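This report concerns only the one structure given below.
The values are calculated or read from the model by the stated rules, or taken from the named source; none is laboratory data. Keep in mind that what you see is a predicted model, and the values were worked out from it rather than measured. Note that each Cβ is placed from the backbone with ideal geometry, even for glycine, and that neighbours are counted across all protein chains shown. Calculation scope for accessible area: heavy atoms of the full protein, side chains included, ligands and nucleic acids excluded. Shrake-Rupley method; radii C 1.70, N 1.55, O 1.52, S 1.80 Å.
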Amino acid sequence: MITHQNGVFHIQTESYSYLFKIDDYGIPEHLHFGTPVQTEDAFPLSCRPGLGWGSNVLLREGDTASNLDALALEWSGSGRGDYRESPVELTGRATDFRYETFEILEGSAVMTSGLPQAHGAMETLHLTLGQKGAKLHLYYTAFPTALVRRSALENTGEETIPLGKIMSFCVDLPGSYTMATFNGGWIGEMRRENTPVGASKVVNESLTGASSNRHNPGFLLYEADATETAGRVYGFNLVYSGNHYASAQRSLQGLTRVMQGIHMSHFRKDLAPGEWFETPEAVLACSDAGFGGLSRNMHIFVNDHIIRPDWQGRPRPVLYNSWEGCVFDFNQHRLLELADRAKELGCELFVLDDGWFGQRNNDHAGLGDYNVNRKKLPQGMEGLSRRIREKGLEFGLWFEPESVNPDSDLYRAHPEWALTDAFEPVYGRNQLLLDLTRKEVRDYIVENVSRILDNAQISYVKWDMNRHSIALGAKAHDFVLGLYDVLRRIFIPRRHILLESCSSGGNRFDLGMLCFSPQIWASDDTDPVERLTIQEGYSYLYPQSTIGAHVSAAPHAQTLRTTPLSTRGNVAFFGCLGYELDLKHLLNVEIKEIKEQIAFYKQYRDIFQYGTFGRTNLGWQVSDGKTTLAGVFHRLVPAAPGYEQLRLTGLNPQKRYQVTSLAQTIRVGQFGNLLKHVAPVHIDPNGQLLRMADRHVTLPAGNECFTASGAALMSGILLRPLFRGTGYDQNQRTQGDFGSDIYIVEELAE
């Protein structure tokens, strides 16, 4: 697994090889990260500078191989001839760490800082480098589909070390790449942007105090010819939920330096003699099978080594969340009525969102208080949860424990617990952050959340966080450690609770939070057309089992766009399905359709949540090796659309498959004024008759069934035509804008 031979370290799994060597000067030189190779390949994989590059600084005069600026390195310092960005900065000091010792450990090297760690490691290489007064520890932990790296700085001297920056990893990759980052903002997360990496540095960073919807910490580097199924792609991510930094820069010699870690802005640690500082773990993965291969490796790593063992592989329940249906306006009677309707539809979990505590009738008051509002819930949380469970539903509850409203009992009692700076406080959503670096604040949260959880029958928690602040300053990292402490103390003793993290949607969708919460609310935007972009962005780095995806009412609150109920369900299938709308106002045809959606999802839930995910030419697919579920999605549909060819991946070309489209219908009201051309009587398109028919009458939407070989399905099959403006035909897919289909592709027995 991890070997050391003639100064060469080789970390090898079935998925990748990672090689580096210690040169004659004690410098770790990078050799290879990619397809498995042999240790004996170290020499042809290494940099051989020849005459060098002119006037660069040499560690030894006359030896061009001692020019650090032209070598592929595993780590670098400053002031010794490497002019590229350094992964470590000791304020006002040069650094020159040289190799001292190594050890190979079974499993992981346990961290002591309170940061979360990936679990289930195979082996860890611990490398120690030193300079006067300090030691640098580099850790390489092998997992089947990814390598995890981190670093730690130890003060072995007699003076304080002013640590201004330390990355989790640094590596120089030969080649030319484009960086794909996933950027956006509230209700507009995970928009992929592609930036060629050249001589000018490309940076992916967050300074909001959280990992951020502006710039997700995960990113890709890919070669120019990379496609979904072919070409070299690297993926990187950070097991951390705070300010992050990553950069990539290509040198004149064609080496691309990549590094990632805690952002150095608002960061400084003065290490006293004997003290350590540990960085978060960074995840490195690679694939020569394109973006799809990289995603598969990352998905396996997250499902097997980030998600806590007690929730690995477990089906995520179909939930109903009260927020968009009720907002703050509810009482126990209304909630129980919604629970009855949710149970009838097939939901398994009822979630009460914001508004259940203190004077929380809007977002101006109540955060920080935990007394149940007895006007809304006269039987308290205990009574409500019992009544919900008696109906055959699990019960879940929303919290926002990291924030406080000035209009709250907590703030009036402890204004000093709010996180502020030297200036007049500024508010986000009428709230401030609580200072999680203070033990008494953490104790207050743990005590009160635990009390609510233990006094009611709660099996799910939605943990929200809607306030971000750079007022954290130097406390930014300690705040994140405080959060992890709170989560650990509340949920490790209550492993039965499914925790779903949320931060204004995807503001904190990262591997650090996934170590505690097996799923995360992907976005406050539930418009399925927007979710196509958002969920596809997540899919590059995060498996669908981690992505909260809900069906809501249309027109959508975020876009005012009206979309078919079928498409809302079809998009949400590729995640953890939930419903979030007022069930009281559903039409009969909608009730029937939602029941069918939930039944279908439950039938194939394991594949939707844990199947191998792929992005196709027309949408997405998931597969367990025998059954493939493919989604075809449309945005704006042109007049007279041409044929669509669906190309699947990962099938056996020699096998035959049954292909069936998920039965869908269209409501007659969609035809509007066109009905008068086909109906035997005149119909007013705005009249009572059509409105009544639209509540009860649907027509088939071009469902199909056929067999084909895996070779044909991967080559591309022609789908039934879309609506072409010439009338209704049950043999065409009668869809307008934002239509979609699901195809079930099942391997036939021989």
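Cα atoms only, the chain: Rg and Dmax in Å?
28.0, 98
Could I have the simple spin-label model distance between A557 and E447, label points 7 Å from Cα toward Cβ, reported in nm to one decimal?
Inter-label distance under the simple model: 3.4 nm.
Of the peptides 80-88, 235-243, 639-647, how do they stack up when ordered by the mean number of other Cβ atoms within 10 Å, highest first?
In descending order of packing, they fall as 235-243, 80-88, 639-647.
What's the FRET efficiency of L51 with A94 using the Cβ-Cβ distance as r and R₀ = 25 Å, to the nearest 0.05?
0.40
Residues in region 521-556 near a label at V327, defined as backbone nitrogen under 19 Å from the 7 Å Cα→Cβ point?
524-527, 552-556
Nearest 20 debye, what's the magnitude of the dipole of the chain about its Cα centre given +1 on Lys and Arg Cβ and -1 on Asp and Glu Cβ? Don't jump to the answer; show the numbers that get you there.
Values: 71 positive and 87 negative charges, 360 e Å.
That gives the chain a dipole magnitude of about 1720 debye.
Residues with amide H under 5 Å of N373's amide H, sequence separation 5 or more or different chain, H placed in the peptide plane at 1.01 Å from N; which?
HN-HN under 5 Å from N373: F357, G358.
Got a sec? Which residues in region 553-591 would a label at R691 touch, if it sits 7 Å along Cα→Cβ and we count backbone N under 19 Å?
Answer for region 553-591: 554-555, 584-591.
Considering the dipole of the chain built from charges on the beta carbon (Lys and Arg +1, Asp and Glu -1) around the Cα centre, which of I458, A224, L59 is farthest to its positive end?
Result: I458.
Sequence gap at least 6, Cα distance under 8 Å: using those rules, report the relative contact order of region 124-232 to the nearest whole percent.
Details: 167 pairs, mean separation 19.5, N = 109.
Reported as a whole number, the value is 18 percent.
So, R0 is 35 Å and r is the distance between the beta-carbons of Y25 and D225; what FRET efficiency does that work out to, to 0.05?
It comes to 0.45.
Quick one: which residues, 5+ away or cross-chain, put their amide H under 5 Å from the amide H of K165? H built at 1.01 Å from N.
E89
For T612, tell me the accessible area in Å² from a 1.4 Å probe, rounded to the nearest 10.
70
Over 32 Å between Cα atoms: which of K375/K602; K462/K655; K375/K592; K462/K626; K165/K439; K135/K201 fall into that group?
Checking Cα-Cα distances, K375/K602; K462/K655; K375/K592; K462/K626 exceed 32 Å.
Set the Förster distance to 45 Å, then compute FRET efficiency between M1 and N617 from the Cβ-Cβ distance, nearest 0.05. Provide the component values of the computation, followed by the final result.
Values: r = 38 Å, r/R0 = 0.85.
For R0 = 45 Å, the calculated efficiency reads 0.70.
Note down the nm distance, to one decimal, between modelled labels 7 Å out along Cα→Cβ at E193 and at T160.
Label-label distance for E193 and T160, simple model: 3.8 nm.
Going toward the positive end of the dipole of the chain, with +1 on Lys and Arg Cβ and -1 on Asp and Glu Cβ, which of F600, M714, I22 do you reach last?
The one lying farthest along the dipole's positive direction is F600.
Cut-off under 17 Å on the C-alpha distance; same-chain residues fewer than 8 positions from K343 excluded. Which aspartates and glutamates are left, in chain and number order?
E390, E394, E580, D582, E590, E593, E596
Order 40-47, 421-428, 210-217, 254-261 from most to least packed using the mean count of other Cβ atoms within 10 Å.
210-217, 254-261, 40-47, 421-428
Quote the charge dipole size of region 128-201 about the Cα centre in Debye, to the nearest 20; the model charges only the Cβ of Lys and Arg (+1) and of Asp and Glu (-1).
140
Hey, rough spin-label estimate for K655 and T112, points 7 angstrom out along Cα→Cβ, what's it come to in nanometres?
Going from the K655 label point to the T112 one covers 5.1 nm.
List every residue whose amide H lies under 5 Å from the amide H of V551, counting only residues 5 or more places away in sequence or on a different chain, with H placed 1.01 Å from N in the peptide plane.
G578, Y579, E580
Please compute the length gained on full extension between H126 and R386, using 0.36 nm multiplied by the number of residues separating them and subtracting their Cα-Cα distance.
Extending this stretch completely gives an extra 88.4 nm.
Specify which residue in the list L138, L45, T112 is farthest towards the positive end of the charge dipole of the chain, using unit charges on the beta carbon of Lys, Arg (+1) and Asp, Glu (-1), about the Cα centre.
Comparing the listed Cα positions along the dipole, T112 ranks first.
Filter the trypsin sites (Lys or Arg not before Pro) in region 109-158 down to the DSSP loop ones having no more than 16 other Cβ atoms within 10 Å, then list what survives.
K132
In the chain, what percent of the accessible surface is made up of carbon and sulfur (1.4 Å probe, ligands and nucleic acids excluded)?
Carbon-and-sulfur percentage of accessible area, whole number: 50.
Please list 603-610, 429-436 highest first by mean number of surrounding beta-carbon atoms within 10 Å per residue. Display every interim value, and only then the final one.
Details: 603-610: 19.2, 429-436: 21.5.
My ranking of the peptides, most packed first, is 429-436, 603-610.
Work out, step by step, the length gained on full extension between R268 and H585: first 0.36 nm times the residue separation, then minus their alpha carbon distance; give nm to one decimal.
Contour length minus Cα-Cα distance gives 108.6 nm.
With +1 on each Lys and Arg Cβ and -1 on each Asp and Glu Cβ, how big is the dipole of region 449-608 about its Cα centre, in debye rounded to the nearest 20?
440
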